[in-house]
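First comes the structure, then the notes that go with it.
Values quoted throughout were computed directly from the atomic coordinates according to the rules given, and no laboratory measurement underlies them. All of these numbers come straight from a predicted model, not from anything done at the bench. Note that we place each Cβ from the backbone using ideal geometry, even for glycine, and neighbour counts take in every protein chain shown.
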């Protein structure tokens, strides 16, 4: 019985750790790049560069956790309206909390449908992570990683539903 509930415990912790590590690394790189002096005492933050600089670690975290990222943006919207100078790392906290919820949900679905010892869920998770990492390096424009992430999540959900239907009939 204990082996059946491993995904709902493992995935939220692992994915939250990955999101914090790669998202934090990406936001740190972004801040380092945009904080460089430009001219007349301005930095790159004061230009349109802030809309174009998205390091690969941030892209990876965003692609892998797109539903949580979007939910976090919705939760942060009113806070940003009141305090627009809030640091990006602080603005990311609601998304990080939703990463736990998202992957707990995914893990609980895997626990219900698959045994931990089966290879299918592990293969699914490894392929999903590889696709997310690949998307972080694709030259698809400044924000092209977002539609890519939506496509990856759509395919993952359809695959997951098909995997669940297959495991019900077996």
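Note on the range 1-95: Cα Rg divided by 2.2 N^0.38 Å, N the number of residues, gives 1.32. Taking 7 Å steps out from each Cα toward its Cβ at residue 157 and residue 10 produces label points 2.5 nm apart. Between residue 100 and residue 83, full extension at 0.36 nm per residue minus the direct alpha carbon distance yields a gain of 3.6 nm.
Among 66-76, 138-148, 33-43, sorting by the average number of other beta carbon atoms lying within 10 angstrom of each residue, highest first, gives 66-76, 138-148, 33-43. With viscosity 1.002 mPa s and temperature 20 °C, the Kirkwood radius over alpha carbon pairs of the range 43-125 converts through Stokes-Einstein to a diffusion coefficient of 142 µm²/s.
Annotation: extensible slack from residue 126 through residue 70 equals 17.9 nm (criterion: 0.36 nm per residue apart, minus Cα-Cα distance).
Length, then width, then depth: along the principal axes, the Cα atoms of the chain run 68, 33, 22 Å.
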